[in-house]
Amino acid sequence: MVMIKIAPSILSADFSDLKSAIAICQSAGADYLHIDVMDGHFVPNLTIGPVVLESIRLKTDLFLDVHLMVTNPEQLIEPFVKAGADNITFHIEAIDNPVKLIEQIRSFNKQVGISIKPGTPLKVLDQYLEKIDLILIMSVEPGFGGQQYISESTARIKKLDKSLKILGIRKRVIIEVDGGIKLSNAKMVKEAGADILVAGSAIFNTDDPHSTIEKFKNI
Ligand code: DX5
Ligand code: ZN
């Protein structure tokens, strides 16, 4: 059985004590640390910039999974790479020329992800699937933690899983799912085809985030 990977989103952590949140993720066996970057334009919320990531990088060797919810992502690739990002995921809805952006991220030898909002047809990804490492399926509207999982997402994950299998690239391309993931729906999302689950409020809004991460890993 392939174990699910877990990427805690620090968006729901205590920002005045990120050091403790990161230490918990690390000791509990989190696979990635998910960093939600919001610019107040692509989404209404405003969150983490490269200076914060730089401080995070100094505290951990965890894989830093950077989810850019920004317009003009091309302007932020270099600053986030220099700050310590291990991969950069951008939104397909945010740009006109994904290939150029993919090449830009690759030029820094970083992994490339594309994220897709719940209402965007999956077919817009078709021409990029062979060029990227990861697809981040949003199972809520991007912008805020603590929202409810959109149930139609499950069918979208299954459909993407099937398309990747048909193309013969399923083993190489990672499916990550983000938004409304709880212990109660994690198994279903995994079985639909997710390789990595992002969870924010389900981890950090519990009394014992450490044991919650362990429970996710044992799904
Ligand atoms: C939403 C972010 C998510 C968010 C998930 O725009 O991309 O990563 O932190 O939060 P939960 O797990 O609370 O839905
Ligand atoms: Zn995210």
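The values are calculated or read from the model by the stated rules, or taken from the named source; none is laboratory data. On a predicted model such as this, the values are computed, not experimentally measured, just so you know. So basically every Cβ, Gly included, is an ideal-geometry build from the backbone, and we count neighbours across all protein chains shown. Heads up: the accessible areas ignore ligands, DNA and RNA and are worked out on the full protein's heavy atoms, side chains in. Shrake-Rupley method; radii C 1.70, N 1.55, O 1.52, S 1.80 Å.
Nonpolar atom fraction for the range 79-202, defined as the carbon and sulfur part of the 1.4 Å probe accessible area, stands at 52 percent. A 1.4 Å probe run over the chain, with the rest of the protein chains in place, finds 46 Å² accessible per residue. For the range 97-190, the list of GluC sites (Glu not before Pro) that fall in a loop by DSSP and count at most 16 other C-beta atoms within 10 angstrom reads GLU152.
Each of ALA30, SER55, VAL70 was placed along the dipole of the range 22-72 (beta-carbon charges, centred on the mean Cα), and the one lying farthest toward the positive end is SER55.
Within the shell of other residues whose beta carbon sits under 13 angstrom from the beta carbon of ALA13, the net charge comes to -1, with Lys and Arg scored +1 and Asp and Glu -1. Distance between the C-alpha centers of the range 149-219 and the range 40-57? Whole Å please. So the separation of the two Cα centres works out to 23 Å.
The charge dipole of the range 131-216, taken about the Cα centre with unit charges on the Cβ atoms of Lys, Arg (+1) and Asp, Glu (-1), comes to about 620 debye, rounded to the nearest 20. Summing Lys and Arg as +1 and Asp and Glu as -1 over all other residues whose Cβ lies under 11 Å from the Cβ of ILE88 gives a net charge of -3. Simple point charges give the picture: +1 on the Cβ of Lys and Arg, -1 on the Cβ of Asp and Glu, and for the range 54-202 a dipole about the Cα centre of about 500 debye.
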